[in-house]
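To start, the structure itself, in structure tokens.
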Amino acid sequence: MATGARGPRDDFYCWKFEVWYPSEDCNYRHAHQTHPDCAGCFQGRMNLRYASRGLPPPIVLTDEAESA
């Protein structure tokens, strides 16, 4: 996972690691259990479910977005 600013392909914010990255990465990490924290992650399970249905990852509003 990259650290720093949100990149052009980053469509997912991981609450556990507090980083932006592509949801495909989250799906892979969760499905293949590449990291112990990703294997049982609820957020990863939801992303994988959305991807299997051909949907984008759930949109999560931050405090900044809600106040705008």
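What to note about this one:
- For the residues Arg6, Arg49, the requirement of being assigned to a loop (DSSP other than H, G, I, E, B) and within 13 Å of the chain's Cα centre (by Cα) singles out Arg6.
- Top-ranked residue in region 1-40 [being of a type in the set (S, T, N, Q) and surrounded by 11 or more Cβ atoms within 10 Å (Cβ to Cβ); ranked as nearest to Pro57 (Cα to Cα)]: Ser23
Laboratory data are not the source of any read-out in this text; all were calculated from the coordinates shown. Keep in mind it's a predicted model, so treat the numbers as computed, not measured. Here the Cβ is made from the backbone with ideal geometry for all residues, glycine too, and neighbour counts use every protein chain on show.
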